[in-house]
Each structure stands twice: as C-alpha cells, then as structure tokens.
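No value in this document is a laboratory result; all are computed from the given coordinates. Keep in mind it's a predicted model, so treat the numbers as computed, not measured. A quick note on method: Cβ atoms are made from the backbone with ideal geometry, for glycine too, and the neighbour counts reach across all protein chains shown.
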Amino acid sequence: MGGGADDGRDRPRRRHKLGYRATGIDFAPSAIAAAQNSRAGRLGDGPAWRLMDFTTDDIATLPDPAYAVVACRLVYRWLDDKPAFLDRVRHVLAPGGTFWVVTEVAGRRPASDPRKHLGITAAEAETLTAGWSVVRTADLDVLRCYALRP
Ligand SMILES: C[S@@+](CC[C@H](N)C(=O)[O-])C[C@H]1O[C@@H](n2cnc3c(N)ncnc32)[C@H](O)[C@@H]1O
C-alpha cells in the first residue's frame with residue numbers, strides 16, 4: 001500500500017518480481033500514475049495498481065479475497081482512524097499471513113529536526129501491535145519494521 005515513484009523501494013513491485021500476484025494500492029492519482037509510468041509499469045511487468053482509499057472504499061472490489069502479505073511502508077502514520085484501518089487489514093489478510101509495516105517512530109530525531117513529527121507515538125505503536133499472535137520488530141535508524149501475524 002502506498003504507490004509512489006519507482007525508486008527501488010517499491011514493495012508491490014518487488015513482491016511481483018518474487019512471483020507473488022501483487023496488487024498495489026494508493027488513493028493519490030499521482031502516486032498511481034508514477035507507479036504505472038515506471039519502467040516495469042510501462043512494460044506491463046508489474047503489479048496491478050488500484051486507485052483506492054483503503055480506509056473507505058469497498059475492499060470487496062480488490063482482485064483477490066485474501067492476501068498472504070499486506071505491506072505498508074510510510075503509510076500508517078498518515079491514517080486518521082488507525083483502528084478502522086487495522087480491522088480492514090485483518091479482513092483481507094489470509095490465515096497465517098503477515099502484515100508488514102514500516103514506519104518512523106517518534107523520539108529518534110533531534111528535537112530541532114523539522115521532520116520529527118513523522119514518527120508514530122507510543123500509543124499509535126500500541127494500537128498497531130495489539131491483538132496479533134506474533135509481533136516481531138527490527139529497527140533501521142529512525143524507522144521500525146513490524147511483522148505482525150493474526
Ligand atoms: C509517504 S508515501 C509512501 C509511499 C511509498 N510506500 C514509499 O515507501 O515510498 C504515503 C503514501 O500513502 C498513500 N496513502 C495514504 N493514505 C492512504 C489511504 N487511506 N489509502 C491509500 N493510500 C493512502 C499516499 O497517497 C502516499 O502515496
């Protein structure tokens with residue numbers, strides 16, 4: 001989830017290359033256009049991109065009823081209703097699947113850094129990790145990666 005430009009960090013495209021049938025979602029037309037205009041997109045060798053608001057649009061319209069991996073990188077921070085978002089993720093995640101989240105966490109940048117608001121709070125992290133049977137994390141500088149399993 002979260003399309004954007006072809007900068008080598010694009011998860012749906014990488015999963016597609018690994019042989020998964022991947023669907024990329026973003027609610028910004030510019031992000032979908034950037035993904036579709038990437039080299040892989042132009043060659044038709046990439047995931048199916050959907051212009052969709054994952055928090056409000058009908059998830060029943062997604063191409064598959066369930067997904068082995070749901071991934072969002074630098075997206076969770078921006079979602080207003082995080083519990084509702086997480087309910088929707090659980091709904092589309094296949095049994096035994098993995099929800100992969102990469103997000104900046106608060107408190108890792110100096111107080112003077114204008115980007116320090118990009119980190120999620122401890123309460124938002126608790127909301128993210130509550131109710132999963134497995135929670136694994138790995139830290140990368142200001143980012144934290146979460147692997148969550150139902
Ligand atoms: C900071 S960008 C991250 C883009 C990319 N995943 C990356 O790692 O570079 C966040 C993206 O999330 C998308 N986004 C935010 N809320 C969304 C929602 N409710 N449904 C779909 N996309 C959303 C934005 O349009 C934006 O493209």
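Some values worked out for this structure:
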item: DSSP beta bridge pairing in the chain, given as percent antiparallel to the nearest 5; result: 55
item: The chain: relative contact order in percent, alpha carbon pairs under 8 Å with at least 6 residues between; result: 18
item: Anisotropy class of the chain from Cα gyration tensor, a/c 1.5 cut; result: oblate
item: 5 angstrom amide H check on Ala71, placed H, neighbours 5+ away; result: Trp100
item: Theoretical ellipticity at 222 nm over the chain - DSSP helices of four or more residues, -39500 (n - 2.57) apiece, nearest 500; result: -6500 deg cm²/dmol
item: Ranked Asp53, Asp26, criterion: other C-beta atoms within 10 Å, fewest first; result: Asp53, Asp26
item: Simple Cβ-charge dipole of the chain, Lys/Arg +1 and Asp/Glu -1, about Cα centre, in debye nearest 20; result: 540
